[in-house]
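Notes to accompany the following structure.
None of the figures in this text is laboratory data; all of them are computed from the coordinates on show. These numbers come from a predicted model, not from an experiment. A quick note on method: Cβ atoms are made from the backbone with ideal geometry, for glycine too, and the neighbour counts reach across all protein chains shown.
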Amino acid sequence: MSGAQAQALRADPDWYSAAEALIEACAYLPTPEDRVRWLERLCLSLGDALYPAFLHVLCCVGEHGDPDAQKAVADVLVLALQSGRLPSGRHTAWGAMHGAATRIMGPIEFLCAWHAQPDSRGQLNASAFDRAARALIGLVSHSDSARQLYCAKLLADAEDPLGGAWSRGTRQALQAMVHAWAAGANPQRAASDAVDAFLAGLRQGEGHRVSILGAGGISPISLLQSRPPLRKP
């Protein structure tokens with residue numbers, strides 16, 4: 001995924017308005033195909049360098065959207081998953097030097113790699129990962145179909161030792177995350193259990209150190225407590 005023209009992020013992005021626009025497009029564009037294409041165009045316009053900005057918007061919906069708003073977005077992600085068009089970004093493969101080899105990753109995988117296998121963006125610290133991943137997994141969990149499809153995708157990735165995207169320790173942590181996520185009773189509990197399982201799996205991995213200090217790249221979620229909940233228009 002790469003944009004035709006480089007885009008620049010404003011110094012103070014309006015994440016709330018961007019999340020509102022995402023919800024409106026996912027809820028009210030005329031056809032399912034139109035909604036998936038809108039997501040594709042959004043990611044293409046941002047390009048790989050600003051893919052974290054797209055994640056930031058998804059996390060904003062996941063953290064501040066009401067259930068109807070989150071389900072509208074999750075339903076479009078189902079369609080994207082089913083058609084192999086999940087908005088994705090590039091992250092350096094495990095063991096590659098200076099981004100020499102990259103892998104295309106969807107939103108949840110990208111967050112996991114950003115934290116567990118940092119590249120030139122720097123590492124997403126544990127507290128930022130915890131908050132962002134809970135928001136994103138909670139969002140996807142508002143559609144049972146999206147949860148099932150995403151769990152199957154992640155499990156296939158985690159069980160592929162030849163793909164080159166993940167270290168053995170990260171693959172084991174992904175497997176633990178998938179099993180916890182699939183068993184979750186509701187979106188919030190499922191997200192909490194999944195993130196806890198992933199972080200615990202990393203801590204058990206050989207030679208992996210979880211950072212609790214600074215984050216690289218774009219901060220995944222802005223604090224929006226002063227704004228009203230995001231609702232489906």
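Using the Karplus relation 6.51 cos²θ - 1.76 cosθ + 1.60 with θ = phi - 60°, the per-residue 3J(HN,Hα) values for region 40-55 come to 4, 5, 4, 5, 4, 5, 6, x, 4, 4, 10, 4, x, 5, 5, 4 Hz, with x marking Gly and Pro.
Taking a point 7 Å out from the Cα of Q204 in the direction of its Cβ, the residues of region 130-170 whose backbone N falls within less than 15 Å of it are 168-170.
Measuring r between the beta carbons of D68 and A101 and using R0 = 30 Å, the FRET efficiency lands at 0.15. What is the calculated FRET efficiency for E24 to D144, with r their C-beta to C-beta distance and R₀ = 22 Å, to the nearest 0.05? The value I calculate is 0.40. Between the beta carbons of D196 and T31, assuming R0 = 45 Å, the FRET efficiency works out to 0.70 to the nearest 0.05.
Fewest neighbouring Cβ atoms within 10 Å first, the residues W38, W114 line up as W38, W114.
Give the order of H64, H179, H91 when sorted by the count of other beta carbons within 10 angstrom, beginning with the fewest.
Numbers: H64 23, H179 14, H91 26.
Least to most surrounded, the residues fall as H179, H64, H91.
Computed about its Cα centre, the charge dipole of region 15-204 is approximately 440 debye, with only Lys, Arg, Asp and Glu carrying charge at their Cβ.
Placing unit charges on each Cβ (+1 for Lys and Arg, -1 for Asp and Glu) gives region 54-174 a dipole about its Cα centre, and among A156, I104, S88 the Cα reaching farthest toward its positive end belongs to I104.
The order of T31, T170, T92, T102, going from fewest to most other C-beta atoms within 10 Å of their C-beta, is T31, T102, T92, T170.
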